[in-house]
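What follows is one structure encoded as structure tokens, with my remarks underneath.
Just so it is clear, none of the values below were taken in a lab; they were calculated from the coordinates. This is a predicted model, so every value here is computed, not measured. Here the Cβ is made from the backbone with ideal geometry for all residues, glycine too, and neighbour counts use every protein chain on show.
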Amino acid sequence: MYYKNAHLHALTEEMALQISEWEYKPPLDMYSFKGRPNGYLMDKATWGTEQFCLLEQARLIGYVSCRLDKDMLGAGRPLFPKLCGRGEGHLFAEKCVQEIRGIKHYNDTVYLRAAASNIRAVKAYKRAGFVLSEIIQDEIANTNNIEDFWVMKNER
């Protein structure tokens, strides 16, 4: 519904402030931005190079960050909280990958990480063409909780 005409745009201060207020309902509440200072999100030097927002007709529907590290493009993509749980996460992921590839002129493998406990995200990423590359342990941001993460890749 929201993804056909959506496009990535450089993150702006207004959008970053909106994203910093996002709150997710359990079991995704650990991903909430609200009340958790995020220096990266507010780093204006990365807006338009690493950080983007997915907009459809000026409506913010997602946030996308991407970093090129040793010829590997890693991406993160939280969806606007009210759009979660509708079975459309794979459409959001597909659109983000398509847009990132175009903006970055990048045709190689795109990687992302998903907490293994976030079953809905893993399922959505699989539907979007991502496959498991490896399992690592890392912290869920700002929680001090170490969990298994699936590193997933989309090779096109």
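At 222 nm, what value in deg cm²/dmol follows for the chain if DSSP H runs of at least 4 each add -39500 (n - 2.57) and the sum is divided by all its residues, to the nearest 500?
Roughly -6000 deg cm²/dmol at 222 nm, from the helical runs in the chain.
Taking H as built 1.01 Å from N, whose amide H comes closer than 5 Å to the amide H of W47, not counting residues under 5 places away?
none
Residue separation times 0.36 nm, minus the C-alpha to C-alpha distance between D29 and I136: what's the value?
36.4 nm
Have a look at the DSSP beta bridges in the chain and tell me what percent are antiparallel, nearest 5.
90 percent
Would you tally the net charge around F149, using a Cβ to Cβ cut-off of less than 12 Å, leaving F149 out, and scoring K and R as +1, D and E as -1?
For residues surrounding F149, the net value is -4.
Please list the equivalent ellipsoid semi-axes of the chain, computed as the square roots of five times the alpha-carbon gyration tensor eigenvalues, in descending order and whole angstrom.
Gyration-tensor ellipsoid for the chain: 20, 19, 16 Å.
With +1 assigned to the C-beta of every Lys and Arg and -1 to the C-beta of every Asp and Glu, and no other charges, what is the dipole magnitude of the chain about the Cα centre in debye, to the nearest 20?
Rounded to the nearest 20 debye, it is 540 debye.
Counting alpha carbon pairs within less than 8 Å and at least 6 residues apart, what relative contact order, in whole percent, applies to the stretch 7-154?
19 percent
Which value, in debye to the nearest 20, describes the size of the charge dipole of the stretch 76-143 about its Cα centre when Lys and Arg Cβ atoms bear +1, Asp and Glu Cβ atoms bear -1, and nothing else is charged?
320 debye
Would you mind computing, in nm to one decimal, how far apart the modelled labels at E14 and K44 are, each placed 7 Å from Cα along Cα→Cβ?
1.6 nm
In whole Hz, with x marking every Gly and Pro, tabulate ³J(HN,Hα) for the stretch 23-40 from phi via Karplus 6.51 cos²θ - 1.76 cosθ + 1.60, θ = phi - 60°.
Values per residue, Gly and Pro as x: 10, 10, 7, x, x, 8, 4, 5, 9, 4, 8, 4, x, 10, x, 10, x, 5 Hz.
Using +1 at the C-beta of Lys and Arg and -1 at the C-beta of Asp and Glu, which of G87, P27, V64 has the Cα lying farthest in the positive direction of the dipole of the chain?
Highest projection toward the positive end goes to G87.
Amide H of A128 versus every other amide H placed in the peptide plane: which residues, excluding those fewer than 5 positions away on the same chain, fall under 5 Å?
Under 5 Å from the amide H of A128: no residue qualifies.
What full-extension length gain, to one decimal in nm, is calculated for I146 and A116 as 0.36 nm per residue of separation minus the Cα-Cα distance?
9.7 nm
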